[in-house]
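Here's the structure we're looking at; comments come further down.
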Amino acid sequence: MDFFNTFILTLFGVLGSIVVGSMVAYVINRFNFKSKKLILFIYFAVSVVPMEISQVSTFKIIDNLGLYNTRLAPILLYIGADVLMIYMYMQALEKIPKELDRAAMLEGANYFQIYRNVIFPLLKPVTISVIMIKMISIYNDFYIPFLYMPDMNLQTVSTTLFKFIGPYEIQWHVICAAIIISIIPMLVFFIFLQKHIYDGITSGSIK
């Protein structure tokens, strides 16, 4: 059950954050508006503030929405795009000519269709890198599932490992065996996609 819960959180958290991150980067890169710099500043400002500082207000919001002790609570928190993701997408967008946007507009496409049919497919290398980075982050996360999903039926891989740590005894042999088993999915995923991951990091780096 812990692997199933981890899979659900990872799947929807990664997919949601990719959509949000790529859209934010697309809007910031392609459009000029007054609050553009403010949005970037807010993302950078939030990134330097420890997550624990804002957890009281975040917890109250989640609880008032009736999402406490559900899988949806951590998924919503994971969906938020971070600065690294937006930065990688923005750097990749710099290499995509804006003439493609204009050509699509001449064909009658609106902005969303341009993003979905033209821009996003060209962001595939960066998207694969973002998937791997975000997947590892969510898969290994302990704090958010432990805080927002205390129910025994909603345990994840990381919170399940914590059960083997007691006040007087730590079952190291069980923990080590479980850790080895838990890293296998991420290791296999990385081996198969390492070429795309390196290409994505390179395409999203500074020119």
statement: Scaled by the rule-of-thumb 2.2 N^0.38 Å, the alpha carbon Rg for the range 13-53 gives a ratio of 1.34
- prompt: Looking at the range 110-157, which chymotrypsin sites (Phe, Trp or Tyr not before Pro) are DSSP coil and have at most 15 other C-beta atoms within 10 Å of their C-beta?
  reply: Phe142
- prompt: When the Cα centres of the range 55-121 and the range 1-23 are compared, how far apart do they sit, in Å?
  reply: 13
query: Can you give the three extents of the C-alpha atoms in the range 4-114 along their principal axes, from longest to shortest, in whole Å?
result: 49, 31, 22
- request: Using all C-alpha to C-alpha distances in the chain, build P(r) with 10 Å bins and read off the rounded percent in each one.
  value: 8, 28, 32, 22, 8, 2, 0, 0
Cα-based helix-to-principal-axis angle, 2-30 vs the chain, degrees rounded to 10: 20
message: If you only keep lysine pairs separated by 8 or more in sequence, or across chains, how many in the chain come under 17 Å at the Cα atoms?
response: 4
Candidates Ala104, Ala73, Ala92, ranked by Gaussian network fluctuation over the chain, Cα under 10 Å, top entry: Ala104
- line: GNM of the chain, Cα pairs under 10 angstrom: of Gly16, Gly66, Gly80, the biggest fluctuation goes to Gly66
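FYI, it's all coordinate maths here, none of it is from the lab. Please read these numbers as outputs of a predicted model, since none were measured by experiment. We place every Cβ from the backbone using ideal geometry, glycine too, and count neighbours over all the protein chains shown.
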